[in-house]
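The values are calculated or read from the model by the stated rules, or taken from the named source; none is laboratory data. Just so we're clear, the structure is a prediction, and the values are computed from it rather than from any experiment. All Cβ positions, even for glycine, are placed from backbone atoms using ideal geometry, and neighbour counts span all protein chains on display. Just the protein is used for accessible areas: all its heavy atoms, side chains included, with ligands, DNA and RNA removed. Shrake-Rupley method; radii C 1.70, N 1.55, O 1.52, S 1.80 Å.
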Amino acid sequence: MDSLYLIIFFILGTILGGFYTVLGNHLAQEDYHFLPYQCDSCKHNLSILDVIPFFSYLFLKGKCKYCHEKIDVMEPLMEVFTGILFAVAYYSFGFSYDFLIALGIVSLLIIVTVSDLNYLIIPDEVLVFFILYFVIVQFFSVGVIGVVEHLLTGMFLFVLMYIIMWLGEKLLNKESLGGGDVKMMFLFGLVLDPLLGTVAIFLGSLFALPMSLFLLYKNNEKMIPFGPFLLIAFTFLYFTKITPEILVRWFGF
């Protein structure tokens with residue numbers, strides 16, 4: 001039965017991964033008419049057969065059936081990646097409130113990665129939706145007191161990230177972080193505790209460093225989207241079930 005659920009959640013993830021990719025692109029452009037699906041090049045409405053996750057890309061040989069323009073390879077990759085993470089979420093947490101939170105984290109990761117990589121924007125609509133989603137799930141999971149504690153943690157992480165942004169702007173004399181990155185840290189606090197939330201900032205910076213150096217060397221690019229790296233760190237910490245107690249033992253805080 002577990003194998004069946006793994007397959008079901010993988011398929012569900014691939015379907016939603018395609019939707020999240022479209023959603024991330026359209027919300028970043030403040031275009032709220034993202035259904036029915038359309039080709040980005042010719043704007044032709046796509047049929048169900050044209051948007052079967054991953055397989056449509058293979059059958060169409062990576063090109064639009066109507067205008068024959070190349071389809072961004074990131075679309076099928078995001079579909080498969082989402083499917084894998086949905087299956088891993090079920091494998092790790094089973095049917096539980098933690099599983100619902102994990103699905104929310106994966107969904108947030110995909111949408112923000114698409115919007116931030118392509119447009120350097122983290123849409124407020126996405127943050128507001130997932131703030132409400134996590135608050136509701138946590139209410140049923142840990143109760144009112146638990147939700148209040150998470151809200152306070154969110155405020156702490158928001159202020160901490162704002163201070164980091166302010167210091168970066170003062171030291172570099174230019175924008176160092178986007179406002180979306182700062183606001184997203186409030187959302188992290190709805191799931192993580194203060195220590196893990198702080199570690200997420202450090203890990204996100206660590207993950208972003210190689211890409212920053214590569215882009216600086218390759219294109220003299222000084223601005224990279226930080227949101228996806230923060231979310232990769234967020235996902236890593238949650239899925240590995242690392243606790244503050246484990247960190248204390250590791251580093252002897």
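For L46, the conditions (1) over 18 Å from the mean Cα position of the chain (by Cα); (2) at pLDDT 75 or above; (3) open to solvent by less than 50 Å² (accessible area, probe 1.4 Å) all hold with the exception of (2). Here F34, F95 are screened, and the one residue that is more than 17 Å from T235 (Cα to Cα), at pLDDT 90 or above and part of a loop (DSSP other than H, G, I, E, B) is F95. Among the conditions (1) modelled with pLDDT under 90; (2) open to solvent by 50 Å² or more (accessible area, probe 1.4 Å), the only one that L12 does not satisfy is (1). Hey, does segment 103-115 have a residue that's of a type outside the set (S, T, Y) and open to solvent by 20 Å² or more (accessible area, probe 1.4 Å)? Yes, segment 103-115 contains at least one residue that is of a type outside the set (S, T, Y) and open to solvent by 20 Å² or more (accessible area, probe 1.4 Å). For segment 68-85, the criterion of being open to solvent by less than 10 Å² (accessible area, probe 1.4 Å) and in contact (Cβ under 8 Å) with a residue 60 or more places away in the chain is met by at least one residue. The requirement of being at pLDDT below 80, touching a helix residue (DSSP H, G or I) at 6+ places or on another chain (Cβ under 8 Å) and of a type outside the set (V, I, T) is fulfilled somewhere in segment 196-214, by at least one residue. Restricting segment 157-191 to residues that are assigned to a loop (DSSP other than H, G, I, E, B) and modelled with pLDDT under 95, the residue that is farthest from I111 (Cα to Cα) is N173. Only residues that are at pLDDT 80 or above and either open to solvent by less than 80 Å² (accessible area, probe 1.4 Å) or assigned to a helix (DSSP H, G or I) (or both) were counted across segment 215-248, and they come to 22.
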